[in-house]
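The values are calculated or read from the model by the stated rules, or taken from the named source; none is laboratory data. Treat the numbers as computed from the prediction; the structure is a model and nothing was measured. Cβ coordinates were reconstructed from backbone atoms using ideal geometry, including for glycine residues, and neighbour counts include every protein chain displayed.
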Amino acid sequence: MGATFAEALALLAHLDPEVLAIVWLSFQVSLGATALGALLGLPLGAWIAVADFPGRAAVTVLLNGLMGVPPVVLGVVVYLALSRSGPLGGLGLLYSPTAMVVAQTLLVTPLIAALTRQTVEDAWRDYRTELTAFGFNRRQSVTTLLHDCRFTLVIAVLAGLGRAMSEVGAVMIVGGNIDGFTRVMTTAIALETAKGDLPLSIALGLVLITLVIALNALAFALRQWAMRRYG
């Protein structure tokens, strides 16, 4: 076991090209999906927080429930949509990084939207009277509250990024884990472990754990800084 771990460290120390390629693709897919998820989830969650419409409670429950959708189920849904016989099959996106971004976007958007809704709803409860007195409409209120809660919402986005980077089921199904094309850290770890290539699996695992810890540390530091500066 010690020799295997030493080989894994050597791969990292020598910046093994295969490791770098897998890590780089993981960043591209996860960052792209998180960016799209933020663009969709932040305004959606904020709108639900301040809107008053029939069925709002049901929408909130649905949104919270979507946070727990198993990635493999989501992967099957995207697979069926992008497969040759599916409604989007003509686009030829299946087994491509784009398909993986689509799957991860659908995975992180409900998480970001649900966290945003809760954050903005709490702020709306506190500042609704003042915003109404200033004559703000709902759109202006949403914009103001998103800006006021920006530091907390960054944490929500980081949570989405963390989930995207650690997910394996959906990207395995729609990406196919093609060597040199759609292999990301999680899928490579699963495949290489099954093949018995433990040094590569351990090296990628160390990178993934480091990134997840770094994201959590960044979220914690940002929250502490915001609390000290803005109370």
Residue pairs, Cβ under 7 Å, 6 or more apart or interchain, first in region 1-17 and loosely packed, with under 14 Cβ neighbours inside 10 Å, second modelled with pLDDT of 85 or more and assigned to a helix (DSSP H, G or I). List them.
Thr4/Leu198; Thr4/Pro199; Thr4/Ile202
Lone qualifier among Leu12, Leu25 - being modelled with pLDDT under 90, part of a helix (DSSP H, G or I) and not basic (Lys, Arg)
Leu12
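Let's see how each residue does on (1) farther than 28 Å from Leu145 by Cα; (2) surrounded by fewer than 22 Cβ atoms within 10 Å (Cβ to Cβ); (3) of a type outside the set (A, V, I, L, M); (4) in contact with a Gly (Cβ under 6 Å, 6 or more places away or on another chain):
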position	(1), (2), (3), (4)
Ala58	no, yes, no, no
Met67	no, yes, no, no
Val78	yes, no, no, no
Gly89	yes, yes, yes, no
Gly92	yes, yes, yes, no
Tyr95	yes, yes, yes, yes
Val108	no, no, no, yes
Arg117	no, no, yes, yes
Leu131	no, yes, no, no
If Ile155 satisfies all but one of (1) among the β-branched types (Val, Ile, Thr); (2) surrounded by 14 or more Cβ atoms within 10 Å (Cβ to Cβ); (3) within 25 Å of Leu80 (Cβ to Cβ), what's the number of the condition it fails?
(3)
So Thr34, is it in contact with a helix residue (DSSP H, G or I) (Cβ under 8 Å, 6 or more places away or on another chain), part of a helix (DSSP H, G or I), among the hydroxyl-bearing types (Ser, Thr, Tyr) and free of Cβ contacts under 8 Å to residues at least 60 places away in the same chain
no
Taking Arg84 as the residue in question, decide whether it is of a type in the set (D, E, K, R) and assigned to a loop (DSSP other than H, G, I, E, B).
yes
When region 92-105 is checked residue by residue, the ones that are over 10 Å from Gly175 (Cβ atoms) and touching a Leu at 6+ places or on another chain (Cβ under 6 Å) are Leu93, Thr105
Boolean, Ala57 is closer than 30 Å to Trp124 by Cα, within 15 Å of the chain's Cα centre (by Cα) and among the small types (Gly, Ala, Ser)
no
Say whether the condition of being under 17 Å from Ala35 (Cα atoms), of a type in the set (Val, Ile, Thr) and either under 16 Å from the mean Cα position of the chain (by Cα) or modelled with pLDDT under 90 (or both) is met by at least one residue in region 133-148.
no
For residues in region 195-231 being of a type outside the set (A, V, I, L, M) and more than 30 Å from Glu7 (Cβ to Cβ), which is modelled with the lowest pLDDT?
Gly231
